[in-house]
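Notes for the one structure printed next.
The values are calculated or read from the model by the stated rules, or taken from the named source; none is laboratory data. Note that this is a predicted model, so its numbers are computed, not measured. Virtual Cβ from ideal backbone geometry, glycine too; neighbours counted across all protein chains shown. Please note that ligands, DNA and RNA were not included when accessible areas were found on the heavy atoms of the full protein model with its side chains. Shrake-Rupley method; radii C 1.70, N 1.55, O 1.52, S 1.80 Å.
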Amino acid sequence: MKRRSVRYLSLLTALCCSIMFLSACGGGAKAPQGDTPEQTEQAEEASVIVAMGPNSEPEAGFDPACGWGAGEHVHEPLIQSTLTVTNPDLSIGYDLAVDMKASEDGMTWTVTIRDDVKFTDGEPLKASDVAFTYNTVKESSSVNDFTMLEEAVAVDDTTVEFHMAQAYSIWPYTMAIVGIVPEHAYGPDYGRNPIGSGRYLLKQWDKGQQIIFEANPDYYGEEIKMKKVTIVFMEEDAAFAAAKAGQVDLAYTASAYSDQTIDGYELLAFETVDNRGFNLPAVPAGRGKDGAAIGNDFTSDREVRRAVNIGLDRQEMLENVVNGYGTPAYSVCDKMPWYNPSAEVTYDPEAAKAILKEAGWVEGSDGIREKNGVRAAFHLLYPASDSLRQALAADTQNQLRELGIEVTIEGVGWDTAYDRAQAEPLMWGWGAHSPMELYNIYHTLDQGLAGYSPYTNETVDQYMDEALAASDLDTSYELWQKAQWDGITGITQEGDIPWIWLVNIDHLYWSRSSLKVAEQKLHPHGHGWSIVNNVDQWTWQEL
Amino acid sequence: MRRINGRERTVLWFGGALLFLALITIGGRFLAEKAMVTDFSRKNLAPCPAYLFGTDWMGRDMFVRTLTGLSMSIRIGFLAAGVSALLALILGTASAVMGRAVDSVITWIIDLVMGIPHILLLILISYACGKGFKGVVIGVSLTHWTSLARLIRGEVLQLKEAAYIKAAGKLGMSRFKTAWKHMVPHLLPQFLVGLILLFPHAILHEASITFLGFGLSPEQPAIGVILSESMQYLAMGKWWLALFPGLLLAGTAALFDVAGESLRKLLDPGSAHR
């Protein structure tokens, strides 16, 4: 008897050990090493330690051609200067540029740059470096599309001309994310040893652990107040623990942690255009060229899409899923200069039911609607690794059940998600500092349907083409807005509504109470580098 | 009251363990619908009489979810252990009776499968089979048969030298008939105990593979999914999400061990009354 109980005890112990072992693997958390002792105390003046998610670490280094700044999640490149910048209201301002203009037909952009800028190795920054940068990213960028650019040419030391392959009125937004690299010091290992003219120098990079920036002493712009910036990479729970232990000054966090408190820290919430929403395939079910499923018989009914859009209580969703840290979303570009406010709708479940009934979708015996043998049902996919999108999908499921629509949620990997989204709604996250996102989502491609979810509307296409061809930004904003709704057709509630937007997620941070984080512009999608866009203007204050 | 003897006590242990496991399996099956329900009005509740194991961040009842998850684990374990054991019986016997060539091929396969770390091979097979329920079952089945197969092979090799088997051969019985008529009955106890002892392995491996995200999709109530989700909430002090499901998983695995050990004792006359 005794021997047996000993054995069970050891079995249990082994099990506990294995669970602990697995959790260590699964968490993958890396605590910051103790080799920077000054970090633990209230940091020496003008130095700050920021914790970001492990995915934010730039795998390929700090090369704009490999996605630094100009990748999937855009942000200011810090080490390099850009020609333009986006202002807090997302209009365009100047960094290196002092003047820019487009030709009448939009096919040539002429940009004049400052003549007093030096790279950190002492060499002056010339127009030839700018031209070199753009020709390089056009040729080798694997993450961003530069097909609208034909060629960049340096006319003299301070003037550069961009010859476009097609008119592209929003070119200044592209110029705001491409960091200028030095032609004389660019090579395959530039990503690891970047030289730029921006606010910071790369001091040290311990891969998988931390990145240390130091202020550029010769910076041409405003004085840099934060002299040293350390970025550490860790999982959410580790970042929380690090803040609790006082090891970091600012740590990213998620809404799930928002009911916690940490002594000496406050929870900062920044509004974003980091939205979540799902697509509704707008064509009937069929097969694409390669035989893959495309379209959906239920969601291809425009009335269904309209009913879904006003039948979802976004405010409740915010409370349920992100503890109120967010704003309702009505488009992919809420509050941007190119946003058309007519996208906004009010929650009205009765009207939603009426629309469905009128369209012929009547309730069956199990409370789920039907029309001509088609059941009012769809699969709502979400990325399996994203618990927030899972919760949004589950809430959508519950809310649509009230309308008589049956939703089944399913977690999928990104390897299959894009293809399956052609026939089934998927919970997406978007939000960029450029109107090009509208184009990517709603404009038809060569095959006659939009890329991420099948949809087509000639008028919408035309407005967006015109917007790209416009000669100045203000005209283009207007055309982008018309593409969303021009009074007759568009992609809003009154129009075709092929995508349903739910919420913009606030980006949350634990911040040491004495740290003053400078005013943020609306963060784009991606809870990463955006926060340090203006880290040079952060300050410490006496408490 | 009469004192129950050792054999009876073992029978009781065996029956009790089986009954408890059957209850979990059947109970979880009936609760499957309820386990998927999300209700945000009751999220993040600590254990209370209404929700014995508390609720998670989407307001799912963790008690129901844990039971359903365990039930799914047991069913996956049942399928996988069954297939695994059958594979072991066939290959082990074939290896022993079908001549040297077959033997070396099968032994080579056994060494090959044993040579690769279990969890690695499991992930690979499950991923290749498209994950999900099917992927996990195939993955677990194809990785767990080796040690039992080796055991059976050794047993059969020994049997082959036994006088009564040799006699059957001399009397003109075919090799297959000998194997079926004289060897399999002899192997059955070994086989049954091996089968039941495979369960805890299968269940724990199912849990670890879903924990690592290579098994079932996260809305499914599987024990590995529950445990991996609970990890990120531990730092927030939501201990109940990990504790109860973890304990129940450990308990289930231990109960299968109890059942297997009891069965071995019952079938082995030498130890039945000890």
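Key figures for this structure:
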| item | result |
| --- | --- |
| Chain B: angle of helix B:146-160 to the longest principal axis, Cα-based, in degrees nearest 10 | 20 degrees |
| Peptide B:228-236 - average C-beta neighbours from other chains (10 Å radius) | 6 |
| The stretch B:1-124: C-alpha gyration tensor shape, a/c 1.5 cut-off, then a/b vs b/c | oblate |
| Estimated [θ] at 222 nm from DSSP helical runs (n ≥ 4, -39500 (n - 2.57)) normalised by residues in the protein assembly as shown, nearest 500 | -13500 deg cm²/dmol |
| Magnitude of the charge dipole, the stretch A:191-348, Cβ model with Lys/Arg +1 and Asp/Glu -1, debye to 20 | 720 debye |
| Pairs of Cα atoms farther than 26 Å apart, the stretch A:158-287, % | 54 percent |
| Whole-Hz couplings from phi, Karplus 6.51/-1.76/1.60, listed for the stretch B:119-130; x for Gly and Pro | 5, 5, 5, 4, 4, 4, 5, 4, 5, 5, 8, x |
| Pairwise burial B:A, computed as accessible area of each alone minus the pair, summed, 1.4 Å, Å² | 2600 Å² |
| Protection-proxy order for peptides B:132-139, B:230-237, each taking the mean of Cβ atoms within 10 Å per residue, highest first | B:132-139, B:230-237 |
| For residues of B:251-260, the mean tally of beta carbons on other chains within 10 Å | 2 |
| Whether chain A is rounded, prolate or oblate, judged on the alpha carbon gyration tensor where a/c under 1.5 counts as rounded | oblate |
| Using a Förster distance of 41 Å, the FRET efficiency for B:TYR164-B:ILE116 (Cβ separation, nearest 0.05) | 0.55 |
| Under 5 Å, built H, 5+ apart or other chain: amide partners of A:VAL85 | A:GLY93, A:TYR94, A:ASP95 |
| Per residue solvent-accessible surface (Å²) - the stretch B:1-130, probe of 1.4 Å | 52 Å² |
| Protein accessible area in the stretch A:58-206, 1.4 Å probe - carbon and sulfur % | 46 percent |
| Low-density loop cleavage sites - GluC sites (Glu not before Pro) in the stretch B:114-216, where at most 12 other Cβ are within 10 Å (DSSP) | B:GLU161 |
| Where the stretch A:248-325 is the region considered: accessible area per residue in Å², 1.4 Å probe | 36 Å² |
| Whole-number accessible area per residue in Å² for the stretch A:58-206, which is evaluated in the context of all protein chains at 1.4 Å | 40 Å² |
| From phi via Karplus (6.51, -1.76, 1.60), per-residue ³J(HN,Hα) for the stretch A:355-361 in Hz, x at Gly/Pro | 4, 4, 4, 4, 7, x, 8 |
| 3J(HN,Hα) from dihedral phi, the stretch B:205-221, Karplus parametrisation 6.51/-1.76/1.60, rounded to Hz, x for glycine, proline | 5, 4, 4, 5, 6, 6, 4, 7, x, 9, x, 7, 6, x, 7, 6, x |
| Percent accessible area from carbon and sulfur atoms, the stretch A:275-504, protein chains only, probe 1.4 Å | 47 percent |
| Burial order of peptide ranges A:424-435, A:250-261 (average beta-carbon count within 10 Å, highest first) | A:424-435, A:250-261 |
| Interchain or long-range residues, amide H under 5 Å from A:GLY69's placed H | A:HIS75 |
| Value of relative contact order over the stretch A:58-206, rounded to a whole percent, pairs C-alpha under 8 Å and six or more apart | 35 percent |
| Shielding by partners - mean other protein chain Cβ count within 10 Å, residues of B:39-48 | 2 |
| The stretch A:275-504 - charge dipole about Cα centre, Lys and Arg +1 at Cβ, Asp and Glu -1, debye rounded to 20 | 440 debye |
| Residues with amide H under 5 Å from that of A:VAL412, placed H, sequence gap 5 or more | A:TYR382, A:ALA384 |
